[in-house]
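First up is the structure itself, then whatever we jot down about it.
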Amino acid sequence: MAVLRMRRVSICALKKDQKPILEALQRQGMVEITNLDSQDSVFQKEDLGESRSQADRNAGLGLQALEVLATYAPAKTSMLDTFVGRQALTTQEFQSKEGQIQQSEEIARRLTELSRFIAEGKGELVKLTSQTDALSPWMALDLPMNFPGTRSTAAFIGSFGEELTLEGIYSKVAQAAPELEAVHADLISVSKDQTCVFFLVPKKDSSRMEEALRSIGFIRPSNLSSATPKEQAEALHQKMIGVEDSIQKAVDEITALSSHKADLEFLVDYYRLKEERYENAGRMLQSKRTFLLSGYIPERDAPALEKALTSRFDLSIEFAEPSEEEDVPVAIHNNKFAAPLEGVLESYSLPSKGEIDPTSMMSIFYYALFGLMLSDFGYGAILALGTGFLLLKYKNMDDSWRKNLTMFFYCGISTSFWGIVFSSYFGDVVTVVSRTFFGQEIVIPPAWFTPLDDPMRLMVFCMAVGVIHLFTGLGIQLYQHLKAGRYYDAFAKVIVWYMLVGGLIIYGLSTDLLLGILQVNFRVPASIGTIFAWIALVGAIGIVLTGGDSKNPAVRFAQGLYELYNVTGYLSDILSYSRLLALGLATGVIGSVVNQMGSMGGGGPLGAILFIVVFLFGHTLNFGIEVLGAYVHCNRLQYVEFFGKFYEGGGRKFQPFAAHTKYYKFEEDIHHE
Amino acid sequence: MNSLMSNMGLAFAILGAALAACLAGAGSAVGVGVAGQAAAGITTEDPNKFSKALILQLLPGTQGIYGLIIAFFCLNQVGLVGGTPADLSLAKGVMYFCACLPMAIAGLVSAMYQGKASVASISMIAKRPDQFGKAMIFPAMVETYAILALLISLLALIGVGGANI
């Protein structure tokens, strides 16, 4: 339950060992390599940008090839695939796959080539289709488009850009060239914005006709082929079949290559590893025959690293305490109960230097508060069983998923517990079912009380939980001050607040006013109440005296008064915990609404069917919304109310040089348990 | 006229329930709507952010549910759900009406503004998907006031139900 102590590690080794040492470091994933920038005439940095981008390109090639496979030969996927995790490889498997890397690259290249080919083919098909479309108005013409006429006649083939009848065409021509007598026109096709016509005139009238036609907007087709439109269309059709065939062949080849999916995934991982090695190698200093690296390592891993490296290589390795001004990265480590919440902490902020890791304290409250908000035995059981099943079935799951699911597993157990305490089983399903279908009302008695009967009691309880939560937060601040020897801060920032807030609460419990509001049958004797009122007063005076930091006494006093004003913050913090009550009641009330709606069909078999449908639908919805609500508000209570009392965060996450792969992991990976 | 006056209490109670469901529901509809537009936008860019965007979109949806709870609770108290309506005095009916108001008004306004906060958080995870935890907190801060309203409405309804007027 703590922030891991970090040490600075420096390694100096022979250049011939650089690659295997980097590989070993990467597999162990214990060291975060830092940028060394004290270059001199002996030690220089190597520019590895080119090698790195080469590796990046190769990985990108693999990803592209995988995308091609996913497009043309999609593998069956299910929603649960997310949980499968990365496949583990032994060193031997790794080496044998490494030997085939050239081949995999060839396959990847071939796949991207094929996909390019298919894309081109599809473009070609579009072109051919539009050409065929352009031919369609001419299909009725059984002469080639460039038919000039016979020995004694001249032919004109073309179109008008409007819808015309045969008479219309004759009259148009007659108007343009009244002197022409022997004009023959044939309609080839008519559509709304085009009329295709075939004219035949005696050869002598050819030039007159041409002029006339030009003047009335007659357009010659652009495609003057010596084949008839039908022949052309047939040729295009044949071409299209050819292209389609070759696309199909390419798709078939891709499908055949899909058996290499695993190799491609390995290719991606392999080059990602390589890229990360180059990236880190670029941070080291190199001389002619040696190289020097420096980085951070958790103290507990230091002996293992030293042993692993010195047994294999000739090198010098040194560990040192990081100096004060260094920006040391932060890693936290918790037991199995608290570790699932590391993600929650991380999404707030990691502890900064000198702060303790609050995860384990937070975990107890997190599970308890989540359960209080959801507080239903049925929902808790579903949550715990669902996540438990996934955790057992997918042993190889990614770490972040494992943590999240484990967190919800514990939350589910807590939810079930509170469900029993407040007698909520899918709302009031037992009562409703027994009354509707068995004519006898069975009520499961709560282990403590039913919130709807006595909401004030639950409200008081929730606020009491809130006070404990807040005081724990303050307690952690106290601990941090004491540990660092800041006794004045411990008094001025924590103890006085304990006195003021705690004193006020206990004093309040001796007055009729507060007791009347809260409706609790618990009275602190007036004499004790008075004592705590004095304690609160002392605390208040302490806050006014210590709250300011100005040199000027008057300003300091004003600052102190302002500091005292923060007591309203405590009031709103405590009231904020009433959301526990509100969300807890909401779960129960919506659940009851669902059950009541389900039971409206009466007790017969039809009623039972209605009940089951409404039950499944309604409770699924309620479950989803309430789990989301409990999760969000649980985080809020931790982040705002709890962390607000002691935690600042701002630490930089420890990101060791490791195998950050997507598809495979390696057997030697050292698991930090 | 007489029957109108004698049923006035019940009418007020139903008006309160209706307002809680309507206003809070309308607020949620607006909030989820605008957040949905933003969510659709970032899902176009990166379909992998769907689940995160969806959670953020759903956050302003709770007010509608809270309104529903209050409406149902109120109708239940006056015996309108699956039973005969209670004989309600005008004073008590108006009390039920007033008890529903916090949820109705705070639900409407908080859901609309929570929707805006959700939009901002959704654009936040578009740029910084790793900051999802923080992005979630901002809309949740707005929801606090809906929860407080829910709490007061619930307590008031329970209190009015016990009052003998």
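Could you check, for segment A:244-266, whether at least one of its residues is surrounded by 13 or more Cβ atoms within 10 Å (Cβ to Cβ) and within 23 Å of A:ALA134 (Cα to Cα)? Within segment A:244-266, one or more residues are surrounded by 13 or more Cβ atoms within 10 Å (Cβ to Cβ) and within 23 Å of A:ALA134 (Cα to Cα). Pairs meeting the criteria (first residue in segment A:38-58 and in contact (Cβ under 8 Å) with a residue 40 or more places away in the chain, second residue hydroxyl-bearing (Ser, Thr, Tyr), beta carbons under 7 Å, at least 6 apart or on different chains) are A:VAL42/A:SER287; A:PHE43/A:SER287; A:LEU48/A:TYR278; A:SER51/A:TYR278; A:ARG52/A:TYR278; A:ALA55/A:TYR271; A:ALA55/A:TYR278; A:ASN58/A:TYR271. Among what's in segment B:116-143 and is within 9 Å of chain A (Cβ to nearest Cβ) and among the charged types (D, E, K, R), pick the residue that is farthest from the chain's Cα centre (by Cα). Residue satisfying both the conditions and the ranking: B:ASP130. Test A:SER51 against the stated conditions and say whether it is small (Gly, Ala, Ser) and closer than 13 Å to A:LEU293 by Cα. No.
Have a look at A:GLU318, A:GLU326 and point out the one that is among the acidic types (Asp, Glu), in a strand (DSSP E or B) and not assigned by TED's automatic domain parsing to the domain that holds A:LEU637. I'd like the intermediate steps shown before the answer.
Numbers: A:GLU326 fails: in a strand (DSSP E or B).
Within the list A:GLU318, A:GLU326, the selection yields A:GLU318.
Does A:MET373 satisfy being within 14 Å of chain B (Cβ to nearest Cβ), part of a helix (DSSP H, G or I) and hydrophobic (A, V, I, L, M, F, W, C)? It is true that A:MET373 is within 14 Å of chain B (Cβ to nearest Cβ), part of a helix (DSSP H, G or I) and hydrophobic (A, V, I, L, M, F, W, C). Looking at this structure, is A:GLN638 in contact (Cβ under 8 Å) with a residue 12 or more places away in the chain, in the same structural domain as A:ILE420 (by TED's automatic domain parsing), polar (S, T, N, Q) and surrounded by fewer than 20 Cβ atoms within 10 Å (Cβ to Cβ)? Answer is no for this residue.
Screening B:VAL160 with (1) more than 11 Å from chain A (Cβ to nearest Cβ); (2) within 19 Å of the chain's Cα centre (by Cα); (3) not hydroxyl-bearing (Ser, Thr, Tyr) gives one miss only, at (2).
When the residues of segment A:559-579 are narrowed to those that are away from chain B (no Cβ under 14 Å) and surrounded by 15 or more Cβ atoms within 10 Å (Cβ to Cβ), which ends up nearest to A:THR436 (Cα to Cα)? Here the answer is A:TYR570.
Residue count for segment A:569-579 satisfying the condition of being among the aliphatic types (A, V, I, L, M) and more than 34 Å from the chain's Cα centre (by Cα): 1.
For the residues A:SER104, A:SER115, A:SER159, A:SER152, the requirement of being assigned by TED's automatic domain parsing to the domain that holds A:GLU181 and surrounded by 13 or more Cβ atoms within 10 Å (Cβ to Cβ) singles out A:SER159. Counting only residues that are surrounded by 18 or more Cβ atoms within 10 Å (Cβ to Cβ) and hydrophobic (A, V, I, L, M, F, W, C), segment A:134-146 holds 4 of them.
Of all the residues that make up segment B:95-117, how many are buried (at least 20 other Cβ atoms within 10 Å of the Cβ) and not small (Gly, Ala, Ser)?
First, pick out the residues of segment B:95-117 that are buried (at least 20 other Cβ atoms within 10 Å of the Cβ): B:95-97, B:99-100, B:102-104, B:106-108, B:110-112, B:114-115, B:117.
Imposing the further condition that a residue be not small (Gly, Ala, Ser) reduces the set to B:95-97, B:100, B:102-103, B:108, B:112, B:114.
The qualifying residues number 9.
Among the residues of segment A:118-133, just one is of a type in the set (Gly, Ala, Ser) and surrounded by 14 or more Cβ atoms within 10 Å (Cβ to Cβ), namely A:GLY121. Each residue in segment A:265-295 was checked for being more than 26 Å from A:PHE319 (Cβ to Cβ) and in a loop (DSSP other than H, G, I, E, B), and 1 of them qualify. Could you please let me know if B:PHE73 is within 24 Å of A:VAL594 (Cα to Cα), within 11 Å of chain A (Cβ to nearest Cβ) and at pLDDT below 85? It is true that B:PHE73 is within 24 Å of A:VAL594 (Cα to Cα), within 11 Å of chain A (Cβ to nearest Cβ) and at pLDDT below 85. Taken together, the residues in segment A:163-187 that are under 21 Å from A:ASN223 (Cβ atoms) and among the charged types (D, E, K, R) amount to 1.
Return the residues of segment A:434-449 that are within 12 Å of chain B (Cβ to nearest Cβ) and in a loop (DSSP other than H, G, I, E, B); say none if nothing qualifies. Hits for segment A:434-449: nothing passes.
Scanning segment A:188-218 for residues that are among the hydrophobic types (A, V, I, L, M, F, W, C) and either over 11 Å from A:GLY158 (Cβ atoms) or not in a strand (DSSP E or B) (or both) returns A:VAL190, A:LEU200, A:VAL201, A:MET209, A:ALA212, A:LEU213, A:ILE216, A:PHE218. Every condition in (1) in a helix (DSSP H, G or I); (2) free of Cβ contacts under 8 Å to residues at least 60 places away in the same chain holds for A:PRO74 except the one numbered (1). Just for segment A:580-620: of the residues that are more than 35 Å from the chain's Cα centre (by Cα) and at the interface with chain B (Cβ under 10 Å from one of its Cβ atoms), which one is surrounded by the fewest Cβ atoms within 10 Å (Cβ to Cβ)? Among residues in segment A:580-620 that are more than 35 Å from the chain's Cα centre (by Cα) and at the interface with chain B (Cβ under 10 Å from one of its Cβ atoms), the one surrounded by the fewest Cβ atoms within 10 Å (Cβ to Cβ) is A:MET600.
Selection of segment B:41-63 for residues being surrounded by fewer than 19 Cβ atoms within 10 Å (Cβ to Cβ), of a type in the set (Ser, Thr, Tyr) and within 12 Å of chain A (Cβ to nearest Cβ) yields only B:SER51. With respect to the conditions (1) within 14 Å of chain B (Cβ to nearest Cβ); (2) free of Cβ contacts under 8 Å to residues at least 24 places away in the same chain, A:GLU306 lacks only one, and its number is (1). Annotation note: of B:LEU68, B:LEU80, B:LEU90, B:LEU15, the sole residue that is surrounded by fewer than 24 Cβ atoms within 10 Å (Cβ to Cβ), touching a residue at least 12 places away in the same chain (Cβ under 8 Å), over 11 Å from the mean Cα position of the chain (by Cα) and within 14 Å of chain A (Cβ to nearest Cβ) is B:LEU80. When we screen B:ASN164, B:ASN76 for residues that are in a loop (DSSP other than H, G, I, E, B) and not β-branched (Val, Ile, Thr), the only hit is B:ASN164.
For the subset of segment A:85-97 comprising residues that are out of contact with any strand residue (DSSP E or B) (no Cβ under 6 Å at 6 or more places or on another chain) and surrounded by fewer than 14 Cβ atoms within 10 Å (Cβ to Cβ), which member is modelled with the lowest pLDDT?
Our first condition is that a residue be out of contact with any strand residue (DSSP E or B) (no Cβ under 6 Å at 6 or more places or on another chain); within segment A:85-97, this holds for A:85, A:90-97.
Then drop every residue that is not surrounded by fewer than 14 Cβ atoms within 10 Å (Cβ to Cβ), which leaves A:90-92, A:95-96.
Details: A:THR90: 82, A:THR91: 79, A:GLN92: 82, A:GLN95: 84, A:SER96: 85.
If we take residues in segment A:85-97 being out of contact with any strand residue (DSSP E or B) (no Cβ under 6 Å at 6 or more places or on another chain) and surrounded by fewer than 14 Cβ atoms within 10 Å (Cβ to Cβ), then A:THR91 is modelled with the lowest pLDDT.
Of the residues A:GLU276, A:GLU325, only one is within 32 Å of the chain's Cα centre (by Cα), of a type in the set (Asp, Glu) and on the phi < 0 side of the Ramachandran plot; which?
Working: A:GLU325 fails: within 32 Å of the chain's Cα centre (by Cα).
Exactly one of A:GLU276, A:GLU325 is within 32 Å of the chain's Cα centre (by Cα), of a type in the set (Asp, Glu) and on the phi < 0 side of the Ramachandran plot, namely A:GLU276.
If you check A:ILE356, A:ILE297, A:ILE364, A:ILE317, which single one turns out to be β-branched (Val, Ile, Thr) and surrounded by 23 or more Cβ atoms within 10 Å (Cβ to Cβ)? None of the other options fit; the residue is A:ILE297.
Listed residues A:GLN39, A:GLN54, A:GLN102, A:GLN18; which is closer than 26 Å to A:ARG652 by Cβ and either of a type in the set (S, T, N, Q) or assigned to a helix (DSSP H, G or I) (or both)? Even if it seems obvious, please write down each step before you answer.
Numbers: A:GLN54 fails: closer than 26 Å to A:ARG652 by Cβ; A:GLN102 fails: closer than 26 Å to A:ARG652 by Cβ; A:GLN18 fails: closer than 26 Å to A:ARG652 by Cβ.
Of the residues listed, the single one that is closer than 26 Å to A:ARG652 by Cβ and either of a type in the set (S, T, N, Q) or assigned to a helix (DSSP H, G or I) (or both) is A:GLN39.
The values are calculated or read from the model by the stated rules, or taken from the named source; none is laboratory data. Since the model is a prediction, treat every value here as computed from it, not as a measurement. Counting neighbours? That spans all protein chains shown, and the Cβs are built from the backbone with ideal geometry, glycine included.
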